[in-house]
């Protein structure tokens with residue numbers, strides 16, 4: 001998991017060079033531009049990797065074959081209908097085969113873009129002067145035992161540093177401790193340190209920039225299961241929700257709602273078959 005997280009972070013940093021400027025825009029605009037850019041990429045890849053004249057002619061063939069099948073059905077000419085359906089299947093097979101190359105060419109850039117979006121568009125970065133909630137999760141065996149947070153420079157602790165581990169009422173499957181911090185200065189990267197019964201967990205955080213550190217960090221094998229910086233999740237237009245049941249965050253739902261209708265519109269507009 002650490003390797004996967006490191007790869008994702010590296011991909012995000014590399015893509016910051018060509019498209020990091022999107023983070024200076026309002027988040028809704030950035031999500032919309034990423035979705036429109038994806039639609040344009042899918043459209044142009046299809047144009048460049050398929051035999052467009054063949055697809056154009058096959059589309060006309062399909063339309064004509066369907067008309068003829070309807071006519072032969074009305075005439076109750078079953079042999080003709082069967083023959084035309086066989087031809088229809090052959091034309092559809094040609095068109096289906098043409099989908100393979102655009103998919104193969106598109107899959108890598110789309111996957112890289114998805115990694116970048118997960119790392120950059122899912123949440124809003126913490127801001128100076130805004131309260132920041134930090135959570136730590138523990139096994140139930142740590143209930144009613146002490147834990148404490150070591151606030152880094154540039155962050156004001158609002159409340160006690162030492163807390164008792166309590167039941168996490170959201171799931172009741174683990175213990176929970178919470179702290180509230182108020183950043184007093186911007187920092188590209190700093191570490192929040194949580195200690196519990198000789199165990200130490202480090203949670204990275206960045207404040208006041210265009211990017212955010214991963215909000216949740218797992219700490220397997222220790223007495224602190226995970227730590228979390230609670231960030232505000234980005235919702236397109238402030239209302240488009242995520243689909244938690246299948247792990248779709250709000251930005252991804254908005255992205256799909258734009259891409260799915262926009263691809264056929266673009267293909268029609270620039271005559272890509």
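The values are calculated or read from the model by the stated rules, or taken from the named source; none is laboratory data. This one's a predicted model, so the numbers in the text were calculated from it and none came from an experiment. A quick note on method: Cβ atoms are made from the backbone with ideal geometry, for glycine too, and the neighbour counts reach across all protein chains shown.
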Exercise for the section: For residue 164, indicate whether it is in contact with a strand residue (DSSP E or B) (Cβ under 9 Å, 6 or more places away or on another chain), within 30 Å of residue 31 (Cβ to Cβ) and loosely packed, with under 15 Cβ neighbours inside 10 Å. Expected result: no
Fill in the blank from the handout: Within the stretch 217-246, the residues that are assigned to a strand (DSSP E or B) and either touching a strand residue (DSSP E or B) at 6+ places or on another chain (Cβ under 9 Å) or assigned by TED's automatic domain parsing to the domain that holds residue 148 (or both) are 217, 218, 226, 227, 228, 229, 230, 233
Exercise for the section: For residue 159, work out the one condition from (1) in a loop (DSSP other than H, G, I, E, B); (2) in contact with a strand residue (DSSP E or B) (Cβ under 6 Å, 6 or more places away or on another chain); (3) in contact (Cβ under 8 Å) with a residue 24 or more places away in the chain it doesn't fulfil. Expected result: (3)
Exercise for the section: Evaluate the following for residue 231: is it surrounded by fewer than 18 Cβ atoms within 10 Å (Cβ to Cβ) and either at pLDDT 90 or above or farther than 26 Å from residue 141 by Cα (or both)? Expected result: no
Exercise for the section: For residue 35, work out the one condition from (1) over 21 Å from residue 255 (Cβ atoms); (2) surrounded by 17 or more Cβ atoms within 10 Å (Cβ to Cβ) it doesn't fulfil. Expected result: (1)
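Considering the stretch 135-152 alone, what residues qualify as being surrounded by fewer than 22 Cβ atoms within 10 Å (Cβ to Cβ) and in a strand (DSSP E or B)?
Filtering the stretch 135-152 down to residues surrounded by fewer than 22 Cβ atoms within 10 Å (Cβ to Cβ) leaves 135, 139-141, 143-146, 148, 150-152.
Correct list: 135, 146, 148, 150.
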Practice task
Answer with yes or no whether residue 214 is crowded, with 18+ Cβ neighbours inside 10 Å and in a loop (DSSP other than H, G, I, E, B).
Solution key: yes
